[in-house]
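Just passing along the structure, written as C-alpha cells.
The values are calculated or read from the model by the stated rules, or taken from the named source; none is laboratory data. Source: prediction; values computed, not measured. Cβ placement follows ideal geometry from the backbone for every residue including glycine, while neighbour counts extend to all protein chains displayed. Keep in mind that these areas ignore ligands, DNA and RNA; they rest on the heavy atoms of the full protein, side chains included. Shrake-Rupley method; radii C 1.70, N 1.55, O 1.52, S 1.80 Å.
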Amino acid sequence: MSAEQAQEDAWVCASQRGDALSFNRLVLKWEKTVYNAALRMLQDREDAAEATQEIFLLAFKSIRRFRCGSRFSTWLYRIAINHCITRVRRRPPGIHLSLGDAGALKPAEQLTVDEPQSAELLRSEQQRRVWNALSHLQAEQQAIIELKFFQEMTFDEIAEVLGVPLSTVKSRLYSGLEMLKTGWEIRLDRLKEEI
C-alpha cells in the first residue's frame, strides 16, 4: 500500500469516527475530480458546482456505512455518478444546456488569434463538440463513458461503481459509442449538403 493510500485510509477511518477535519481533507483531495465528472455529465458549471457540494454532503452523511478495505474512490464515484444521473433525469424534457454556448467566441475574436491561441481554441472547440454529442446520450451511457475514458477505469471497476453486471457496462458503452458515431456521421452528411 502506498503512503498516499495509507493516508487516505486514515482520513476515512477518522471521518467514520466523526472527525470533520479528516473528511475535509478527503474533500480537498477529490473535489476537482468529482466536479469535473459532474461537469461533463451535467454540462453546466453552476449545476456541477451545486452537485459537487451535494455529493460530498451525501458522502459525509453516509461515511459510517463505508466498508473499510474497499476503495474510497470507487465508493465516492458511485455516489457522484448516481447523483448526476438523478439530476439529469429530473431535468425537464427538451431543455439541453451546453457549455459551449456560454464561451463561444465572436467572429471578430477568431480572426486575431496567434498560433498558441489557435491550438487552444481548437482544443476548446473539440471539447465543446464532444460534450454536446455526449449530451444526447442516456445518462447511464454518459456515466460509463465518463468512468471509462475520463477516469480511466476498467470495465470491472465501472461495474463495481455502478453496481451493474459487467455485460451491462459493455453493452451500454458500445451502444453509446455507436450513437456517438452515428451522430457524427449525420452531422458530417448535413455539413456536406450545406457545402
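Report, by residue number, each residue of region 7-63 that is polar (S, T, N, Q), open to solvent by less than 10 Å² (accessible area, probe 1.4 Å) and more than 23 Å from Glu152 (Cβ to Cβ).
Of everything in region 7-63, those that are polar (S, T, N, Q), open to solvent by less than 10 Å² (accessible area, probe 1.4 Å) and more than 23 Å from Glu152 (Cβ to Cβ) turn out to be Ser15, Ser22.
Continuing with this model, one more query. Does at least one position in region 159-174 carry a residue that is farther than 17 Å from Ser70 by Cβ and among the acidic types (Asp, Glu)?
no
Given (1) over 16 Å from the mean Cα position of the chain (by Cα); (2) small (Gly, Ala, Ser); (3) modelled with pLDDT of 90 or more, identify the lone condition not met by Ala48.
With (1) over 16 Å from the mean Cα position of the chain (by Cα); (2) small (Gly, Ala, Ser); (3) modelled with pLDDT of 90 or more applied to Ala48, the lone miss is (1).
Grab the helices (runs of 4 or more DSSP H) fully contained in region 75-166, keeping just those with 3 or more residues being modelled with pLDDT of 75 or more and either β-branched (Val, Ile, Thr) or surrounded by 11 or more Cβ atoms within 10 Å (Cβ to Cβ) (or both).
Here the list reads 139-145, 155-162.
Are any residues in region 17-35 more than 25 Å from the chain's Cα centre (by Cα) and more than 16 Å from Leu57 (Cβ to Cβ), and if so, which ones?
Selection gives Arg17, Asp19, Leu21.
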